[in-house]
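Take a look at the structure set out below.
The values are calculated or read from the model by the stated rules, or taken from the named source; none is laboratory data. This structure is a prediction, so every number in the text was calculated from the model and none was measured. Glycine also receives a Cβ, built like all others from the backbone with ideal geometry; neighbour counts cover every protein chain displayed.
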Amino acid sequence: MSHLLEVNNLNVSFHTYAGEVQAVRGVSLHLDKEETLAIVGESGCGKTVTSKAIMGLIPDPPGEVKKGSEILYKDKNILKYSKKKWQDYRGEDAAMIFQDPMTSLNPTMKIGRQIQEGIRKHQKISKQEARKKTIELLKMVNIPNPEERLDQYPHEFSGGMRQRVMIAIALSCNPNIMIADEPTTALDVTIQAQILNLLREIQKKNHSSIIMITHDLGVVAGMADRIAVMYAGEIVEEGSVREIFKNPQHPYTYAMLNAVPNPELESKAELHVIKGTPPDLISPPKGCPFASRCKFCMQVCHEYEPEKTEISEGHFSKCWLHHQTAKKLYKFDNVRSVMAE
Amino acid sequence: MPNQKDSQKVVLTEEMFHRVGVDEHSSENVVRPNISYWQDAWRRLKQNKVAIVSMSFLIFVALMCIFAPHIYPHAFDEQIIEHTNQGPTASHIFGLDDLGRDIFARVWVGGRVSLAIGVIGAAISLAVGVLYGGISGYFGGAIDNVMMRIVEILVGIPYMIVVILMSIILGKGMGSLLVALCFTSWTGLARLVRGQVINLMESEYILAAKALGTPTYKIIFRHLLPNTLSIIIVETTFSIPSFIFAESFLSFIGMGIQPPNTSWGAMAALGQQQMSNYPHELLFPALAISLTMLAFNLLGDGLRDAFDPKLRQ
Amino acid sequence: MNMETREPLVKVSHLKKYFPVQGKRVLKAVDDVSFEIYPGETLGLVGESGCGKTTCGRTVLGLYPATGGSIEYDGKDISRLKDKKEILKFKKNAQMIFQDPYASLNPRMTVGDIISEGMENHHIPGGHTRVQELLGMVGLNKEHANRFPHEFSGGQRQRIGIARALAVEPDFIVCDEPISALDVSIQAQVVNLLIRLQEELGLTYLFIAHDLSMVRHISDRVGVMYMGQLVELGKSQEVYNHPIHFYTQALLSAIPVPDPDIERNKTVLPLEGEVGSPIDSAPGCRFKGRCKRATEACGKVTPSLREVEKGHFVACHVIDN
């Protein structure tokens, strides 16, 4: 069965004065129709770079999508697209919603024009037609009085409103894939709830797929069908949302889930913490990237990259704890029980 | 992934699965080389070939102005009447002017004056501008208002009027020229510094310094100034060629350096009279002015890029 | 902990902070806020952007001059202090940790200089050794003293900021959104550090944040702010488990919970519209425009905090009835 979007062995590096930063290392994932995939991880893990690669927005130089990487959209390798094909792809097939609505909109251009620009680039329609479509889009994202607000500038909108405009721009050409890069991080909690609701509605209506990039596990729990957990440029675990939350099989995933304060915990109890910081990707460690911070680190973890183990259908984890030798040695059959020690 | 194939071939012994635990100390390590802001800027400047060439050129010009007149066999005011207006030859590298004086020697002697005015003028502008702008920006409110209104008035005065006034009061020559030029030139830097200071005052680290009880003068010298330095350096690098040009222009129209002293502008004035017959007399001083100005501007561009934090990789 | 018999370390009464905006208009960032903080406790202050919590924190520390009301520290009114020596003494006792780890450290100074700046101001002895001690206290290495802020990650920079505040040996620290800009696992590191330091050094915190779950975890009591006013105040567990003010209820229901079963099945209390403008706000309850239970009376008089249950205060006319 072929997927709507398939990323195979993606490697992206950036060439800096201090050396080559391997931002994305061998990432493979897939996205199907009408599903929401969440890419979760902390800053520097490579999730934004991955999404930019899918949009063809990696600047070259200093960035470089390495040979051997493959991104298949409807079975066509888009990494081989010409500039023109990329421009068609962006907007019609995939669109991005950026993080900070303050800086992603042109402050000197009216909102209406920014939306219409996108539309008219992809479709040969008249100005009046485009204007009509724009008003429809603004209505779709629940912006009141769209006919008037069309002629306003970004600074006349609040943060939540601006994000809705961003979503309208992304939607303008009915893309099959919406990539939302931390779309609500800069917004207040109550506005965030509104925006996430909106995204869900739109997805249902348009039968589109969403790739949601975030570090907020609560947002993921509400939005995602599947989750890919990234750390230091690699995907360390992936699975359905229920599997990941209820049955995490990687020490990093487990640690992340426990770093969020649990209402059951007594007040001021020590939060489960992962000591240290992620490795510098200029000299990525040769073994598992999480080794230097992992409670269960074994000798082999420093030496070799762990193999990808299938836990159950669709649930994968890259960790030496799943190797039969480890299981035999430590006499457990479920990695989770080890982590709960 | 690099190791995948290898690990499949390698036999994984039980020993390798022994627990090792976390090395807390190394997990906090900072890997990249310790590099300060200035070192980083210098490194970036070095990569800019144009800026380095400009800088080398300027150093060359400065050295020539200082040493050439001592080494070169001909003096700048020595007249060889028989060969007036002679073109460039082996012994008179740039030729002679209409009074038979060696142009090569005069270019470097004149250069001393032009460069000196450029550098001294820029230095005075810097001192006054930074102080004025810093105070205005730091204190804000009414003080800032008054100070900026004064600046606006000064900027409105055409500098030719100032130059003429000064030459009447102080007589012509290098001193009055400097006073006239500096009279309003510092305003540009003052505004820049003020803008930057106002910007910085919003920074959280300034707020932190106030919370720590740091006295005002320390805030200015330890926090505000070092973060303004890059702007000051760039602006000063650009202001030197303005001074050089202003001096050249004024000397060209006779308001600046008077004979027997000479400057590039003065030489250009003389050369211009002989332009149709003996172009070399205009060419060399004109080249000196334009190339020097160009070099300063290119260096300034390079410095600005080197200091720009957004261009950091 | 019998709070009634102890004296509060910080007592804020009817605090007002207004900013002039465009001529005659006034932005009422903090409008009649009162609360007390007892020694050794953490008071959390939550609210969304524009509610005034950061302004409140900075005004309490004297970084902004108060427009009205008073701030008492250890029994002394510090909001009207004129004596330079007294002001300096207060700055030694009360410190701040800032939100943005990328903007709160001077990029041109080494970490060692940043930390020792406060020590110099207050003539605290110890020099290098003490700087290294402080670095160790926050979990960093001694060698880091010679490095520059840009070489560190967000979490490490935040810890440098904490070391800087600790250097002057304060009793009271205002933590202004110290973890908002950090990743989740780093947030846990910093919060644990703050809690541990509170125990070891007997610190009192005013913890300002918009991350409600983290605030609940670290605070003993919590106050909810909306458009410059306190709408609810009480023990953390109380406020989170039994929120009374409608805004608090809506706010809490909107927090995404990292549990798919809960998150996908919960109902978020809808809060229509946007936050109003704090410029020239009308009299009456600020929340009126978005409140489902608003009545006529709500538009006339601003409700003040009233004790609805023991230790649990709410500012709402509708509740009172």
Restricted to the range A:122-136 and to residues being within 30 Å of the chain's Cα centre (by Cα) and assigned to a helix (DSSP H, G or I), the residue nearest to A:GLY91 (Cα to Cα) is A:HIS122
Whether any residue in the range C:82-98 is without any contact (Cβ under 8 Å) to a residue 40 or more places away in the chain, closer than 30 Å to C:ARG306 by Cα, away from chain A (no Cβ under 14 Å) and touching a helix residue (DSSP H, G or I) at 6+ places or on another chain (Cβ under 8 Å) is what I want to check. no
Residues within the range A:253-274 that are within 13 Å of chain B (Cβ to nearest Cβ) and buried (at least 23 other Cβ atoms within 10 Å of the Cβ), tallied: 1
Taking the range B:267-284 and keeping residues buried (at least 19 other Cβ atoms within 10 Å of the Cβ) and hydroxyl-bearing (Ser, Thr, Tyr) leaves B:TYR278
Only one of B:LEU177, B:LEU192, B:LEU207 is at pLDDT below 85, of a type in the set (A, V, I, L, M), out of contact with any strand residue (DSSP E or B) (no Cβ under 7 Å at 6 or more places or on another chain) and buried (at least 18 other Cβ atoms within 10 Å of the Cβ); which? B:LEU177
Only one of A:LEU37, A:LEU10 is closer than 27 Å to A:GLU201 by Cα and in a strand (DSSP E or B). Can you tell me which? A:LEU37
Mind checking whether some residue in the range B:170-191 is over 30 Å from B:ILE81 (Cβ atoms), without any contact (Cβ under 8 Å) to a residue 60 or more places away in the chain and more than 23 Å from the chain's Cα centre (by Cα)? yes
Can you name the condition, by its number, that C:ASP100 falls short on among (1) over 26 Å from C:GLN187 (Cβ atoms); (2) in a loop (DSSP other than H, G, I, E, B); (3) acidic (Asp, Glu)? (1)
Has the range A:106-121 got any residue that is outside any loop (DSSP other than H, G, I, E, B) and in contact with a strand residue (DSSP E or B) (Cβ under 8 Å, 6 or more places away or on another chain)? no
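Per-residue answers, yes or no, for (1) surrounded by fewer than 19 Cβ atoms within 10 Å (Cβ to Cβ); (2) of a type in the set (Ser, Thr, Tyr):
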site	(1), (2)
C:GLY68	yes, no
C:ILE97	no, no
C:PRO101	no, no
C:ASN106	no, no
C:THR110	yes, yes
C:GLY118	no, no
C:HIS122	yes, no
C:GLU133	yes, no
C:LYS142	yes, no
Tally, over the range C:22-50, of residues that are surrounded by fewer than 18 Cβ atoms within 10 Å (Cβ to Cβ), of a type in the set (Gly, Ala, Ser) and more than 14 Å from chain A (Cβ to nearest Cβ): 2
Does A:THR277 satisfy being facing chain B (nearest Cβ under 8 Å) and under 25 Å from the mean Cα position of the chain (by Cα)? yes
Within the range C:20-41, how many residues turn out to be in contact with a strand residue (DSSP E or B) (Cβ under 7 Å, 6 or more places away or on another chain) and more than 21 Å from C:ILE208 (Cα to Cα)? 4
Please go through the range B:195-208 and pick out each residue that is part of a helix (DSSP H, G or I) and facing another protein chain (nearest Cβ under 7 Å). B:GLU204, B:TYR205, B:LEU207, B:ALA208
Please go through the range B:251-310 and pick out each residue that is under 12 Å from B:VAL107 (Cα atoms) and without any contact (Cβ under 8 Å) to a residue 12 or more places away in the chain. B:LEU287
Among the residues in the range C:166-182, are any under 26 Å from A:LEU187 (Cα atoms), of a type in the set (D, E, K, R), surrounded by fewer than 21 Cβ atoms within 10 Å (Cβ to Cβ) and modelled with pLDDT under 95? yes
Hand me the list of helices (runs of 4 or more DSSP H) wholly inside the range A:143-228 holding 1 or more residues that are away from every other protein chain (no Cβ under 13 Å) and out of contact with any strand residue (DSSP E or B) (no Cβ under 9 Å at 6 or more places or on another chain). A:146-149, A:159-171, A:189-206
Filter the range C:181-226 down to residues that are closer than 18 Å to C:LEU251 by Cα and either assigned to a loop (DSSP other than H, G, I, E, B) or of a type in the set (Val, Ile, Thr) (or both) and give me whichever is farthest from the other protein chains (Cβ to nearest Cβ). C:ILE208
The lone exception for C:SER49 - which of (1) in contact with an Asp or Glu (Cβ under 6 Å, 6 or more places away or on another chain); (2) part of a strand (DSSP E or B) it fails: (2)
Can you tell me which residue in the range A:20-67 is surrounded by the most Cβ atoms within 10 Å (Cβ to Cβ), limited to those that are within 21 Å of A:ASP225 (Cβ to Cβ) and acidic (Asp, Glu)? A:GLU35
For A:ARG200, the lone unmet condition from (1) more than 21 Å from the chain's Cα centre (by Cα); (2) surrounded by fewer than 23 Cβ atoms within 10 Å (Cβ to Cβ); (3) over 22 Å from B:HIS18 (Cβ atoms) is (1)
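Would you confirm whether or not the range B:82-89 contains a residue that is more than 28 Å from the chain's Cα centre (by Cα) and part of a helix (DSSP H, G or I)?
Looking for residues that are more than 28 Å from the chain's Cα centre (by Cα) and part of a helix (DSSP H, G or I), one finds at least one in the range B:82-89, hence yes.
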Matching residues, the range A:283-302, being more than 7 Å from every other protein chain (Cβ to nearest Cβ) and either in contact with an Asp or Glu (Cβ under 7 Å, 6 or more places away or on another chain) or of a type in the set (Asp, Glu) (or both): A:GLY287, A:CYS288, A:PRO289
Hits in the range C:26-40 - residues which are in contact with a helix residue (DSSP H, G or I) (Cβ under 9 Å, 6 or more places away or on another chain) and part of a loop (DSSP other than H, G, I, E, B): C:GLY40
Is it the case that the range C:3-25 has a residue that's of a type in the set (A, V, I, L, M, F, W, C), modelled with pLDDT under 85 and not in a strand (DSSP E or B)? yes
Restricting to the range B:54-84, what's the tally of residues that are touching a residue at least 40 places away in the same chain (Cβ under 8 Å) and either of a type in the set (Val, Ile, Thr) or under 16 Å from B:PRO241 (Cα atoms) (or both)? 7
In the range A:303-339, how many are within 17 Å of A:ILE274 (Cβ to Cβ) and without any contact (Cβ under 8 Å) to a residue 60 or more places away in the chain? 1
Need at least 2 residues that are within 30 Å of C:TYR102 (Cα to Cα) per element, so show me which helices (runs of 4 or more DSSP H) inside the range B:216-313 make the cut, counting only ones lying wholly within it. B:225-252, B:280-307
